[in-house]
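Have a look at the structure below, then the notes.
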Amino acid sequence: MAKWLGLSVVVIMLDQLTKHLAEARLVYGEPLAVFPSFNLTLLYNRGAAFSFLSDAAGWQRWFFVTVSFSASAFLVYWLRKLGPQQRLLALALSLVLGGAVGNLVDRLLIGHVVDFIQLYYRDFYWPAFNVADSAISVGAVLLVWDALFARSKGS
């Protein structure tokens, strides 16, 4: 289990480092074009995914802290129960855990999540995100993959 928790710590560290760099080098709300369809844009999210509840009166911070903390504790518990052959599931859970804690740190320390990766196509802009969000997304895809395919093969 230590190597999987270690992966989660690497995700948290990479997430926090990139957020720190974004805040230090980017101007809030001003896109920095990297290449077509990809900007670095410093934005803050007080809500959850896709800014869900970001306009609430402030209670959402502690709601999301509670949800993130509970989910993280459950993920650690689940990781502890895995057998050594369940590597794909462990990888998925580790990525989700690292991402959840990365965003939890932001909520606890500064009251919002720092986002800075912005993808777009013509006039359609995907909501800004960060390394933690990316880890959660990849982990979620791997969880689905594991549920649909890996388990049926006995891995």
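Where a number appears in this text, it was derived from the coordinates with a stated rule and is not lab data. Please read these numbers as outputs of a predicted model, since none were measured by experiment. As a convention, Cβ positions derive from the backbone with ideal geometry for all residues, glycine included, and neighbour counts pool all protein chains shown.
Observations on the structure shown:
- Net charge of neighbours whose Cβ lies under 12 Å from the Cβ of residue 100, counting Lys and Arg as +1 and Asp and Glu as -1: -2
- Proximal charge balance of residue 11 [Cβ under 14 Å; K/R count +1, D/E count -1]: -1
- Under the criterion of Cα pairs below 8 Å and six or more residues apart, the relative contact order for the chain equals 31 percent.
- Every helix of 4 or more DSSP H residues in the chain counts as -39500 (n - 2.57), and over all residues that averages to -19500 deg cm²/dmol at 222 nm.
- Cut-off 17 Å, label 7 Å out along Cα→Cβ of residue 34, residues of the stretch 95-129 by amide N: 114-122, 125-129
- Fraction of the pair-distance distribution of the stretch 2-153 above 21 Å, Cα-Cα pairs, percent: 48
- A simple packing score, the average count of other Cβ atoms within 10 Å per residue, orders the peptides 132-139, 92-99 as 92-99, 132-139, with the highest score first.
- Cut-off 14 Å between beta-carbons: net charge of the residues surrounding residue 140, Lys and Arg +1, Asp and Glu -1: -2
- Label point at residue 65 placed 7 Å out along Cα→Cβ; residues across the stretch 104-142 whose backbone nitrogen lies under 13 Å: 104-113
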